[in-house]
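The values are calculated or read from the model by the stated rules, or taken from the named source; none is laboratory data. Remember, predicted model here, so these are calculated numbers, not experimental data. We place every Cβ from the backbone using ideal geometry, glycine too, and count neighbours over all the protein chains shown. The accessibility values were calculated without ligands, DNA or RNA, using every heavy atom of the protein model including side chains. Shrake-Rupley method; radii C 1.70, N 1.55, O 1.52, S 1.80 Å.
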Amino acid sequence: MEKIYWHLPGLCHYGLLNHVLFDTMKKFPQMFKEGYEIGSVYGTFPCAIWNGGRNILDGFSNKQEVEKIIKSYNDLGIPARFTWTNVMLEEKHVYDTYCNMIMKVGDNGFNQVLVNSPILEDYIRTNYPNYKVLSSTTKRIVSVDRLMEELSKDYYLVVLDYDFNHNDKVTEKILPYADKIEILVNETCQAHCPNRSAHYREISKYQLEFDARIRFICTDPSPEKRTFKGAMKRPGFLSNADVEKYAAMGFKNFKIVGRGEGQQFYIDSLIYYLVNDEYKDFVRKYIEATMTKLRGGPKEKM
């Protein structure tokens with residue numbers, strides 16, 4: 001059976017949840033869908049100014065912590081993927097000591113970087129050539145011509161804009177690049193969002209200036225915009241049947257969003273996409289109980 005690779009959020013923020021998931025998959029493989037593997041875990045470390053896409057400013061990770069976190073994934077055969085997608089970077093920012101320390105720690109030929117800024121991309125390709133470089137969906141490429149141009153470049157993967165999901169004409173055109181494309185399955189943003197690029201700029205400014213007062217006001221009227229139930233109602237949402245259809249055409253990389261959506265949203269997404277129907281309730285309770293136990297709380301009955 002052809003393998004399908006899932007790319008998960010929360011490199012640091014959902015570290016415990018991710019490792020509980022991996023242990024559960026190893027302990028109960030029959031409960032998870034056959035042929036599904038974890039392709040990477042993406043995210044960043046707190047206060048890294050190269051970060052984009054979501055605000056990550058709480059806390060700080062020293063070199064020892066960075067080494068421990070990256071190793072915890074790599075030892076399981078899972079690449080760490082850094083979300084270096086800040087759109088406001090200038091040349092002076094590429095010399096940031098903290099971000100370069102993270103890159104040096106992870107520079108083992110196995111890990112990955114998501115990029116948006118040409119300045120940072122050039123710097124990484126020159127100074128850290130062992131990393132796999134991916135084109136980020138934060139570029140907001142919604143032109144087919146631009147997409148085809150992006151796919152012709154030297155990227156390990158290109159993360160497709162969610163507005164191209166279910167577009168049969170686009171799918172047919174990019175089919176020759178199927179193994180080079182990663183598809184967002186559960187995006188929470190409204191279709192054809194007019195403010196998405198502006199939102200990314202505000203997040204980048206927030207990250208770069210360490211200014212917690214900067215808050216982008218979303219104009220999406222949906223009352224369920226930050227829930228998995230709400231995501232399922234979006235036009236770009238991929239159901240399990242949709243994932244199987246794309247997989248049958250040769251697409252094998254799928255991305256679960258969730259860095260800024262909350263733990264419940266993320267758990268709902270994991271259970272929906274990765275777990276066989278008859279085991280969904282058990283796996284949910286098992287993961288939640290295991291996390292409670294590891295955090296020192298009361299044990300839950302399963």
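Give all pairs with beta carbons closer than 6 Å in which a residue from region 110-122 that is at negative phi and without any contact (Cβ under 8 Å) to a residue 40 or more places away in the chain meets a residue that is crowded, with 24+ Cβ neighbours inside 10 Å and among the β-branched types (V, I, T); count only pairs at least 6 apart in sequence or on separate chains.
Qualifying pairs under 6 Å: E121/V115.
Tell me, which residue of region 263-296 that is part of a loop (DSSP other than H, G, I, E, B) and under 16 Å from L21 (Cβ atoms) is nearest to the chain's Cα centre (by Cα)?
Among residues in region 263-296 that are part of a loop (DSSP other than H, G, I, E, B) and under 16 Å from L21 (Cβ atoms), the one nearest to the chain's Cα centre (by Cα) is N276.
With respect to the numbered conditions (1) touching a helix residue (DSSP H, G or I) at 6+ places or on another chain (Cβ under 8 Å); (2) under 30 Å from K285 (Cβ atoms), which one is the sole condition not fulfilled by F22?
(1)
Considering only region 5-38, state which residues are touching a residue at least 40 places away in the same chain (Cβ under 8 Å), part of a strand (DSSP E or B) and either open to solvent by 10 Å² or more (accessible area, probe 1.4 Å) or touching a His at 6+ places or on another chain (Cβ under 6 Å) (or both).
Result: Y5, F32, Y36, I38.
Residues in region 62-110 that are open to solvent by 50 Å² or more (accessible area, probe 1.4 Å), part of a helix (DSSP H, G or I) and over 15 Å from L208 (Cα atoms): how many?
Qualifying residue count, region 62-110: 7.
Can you pull out every residue in region 112-168 that is in contact with a strand residue (DSSP E or B) (Cβ under 9 Å, 6 or more places away or on another chain), assigned to a helix (DSSP H, G or I) and open to solvent by 30 Å² or more (accessible area, probe 1.4 Å)?
Listed by number, the residues that qualify are R125, K139.
Output the qualifying pairs, or none if there are none: Cβ atoms under 7 angstrom, residues six or more apart or on different chains, first residue in region 232-243 and within 13 Å of I256 (Cβ to Cβ), second residue modelled with pLDDT under 95 and in a helix (DSSP H, G or I).
Cβ pairs passing all conditions: F237/A231.
If we keep just the residues of region 236-247 that are of a type outside the set (K, R) and over 12 Å from E2 (Cβ atoms), which is most open to solvent (accessible area, probe 1.4 Å)?
The selected residue is A241.
Return the residues of region 207-244 that are closer than 25 Å to N116 by Cα, among the aromatic types (F, W, Y) and modelled with pLDDT of 80 or more; say none if nothing qualifies.
F237, the sole residue that qualifies.
Could you list all residues from region 173-197 that are out of contact with any Gly (no Cβ under 8 Å at 6 or more places or on another chain), open to solvent by 20 Å² or more (accessible area, probe 1.4 Å) and closer than 26 Å to L274 by Cα?
Passing the criteria: Y177, K180, C189, Q190.
So which of G250, G260 is closer than 27 Å to T83 by Cβ and exposed (fewer than 15 other Cβ atoms within 10 Å of the Cβ)?
G250
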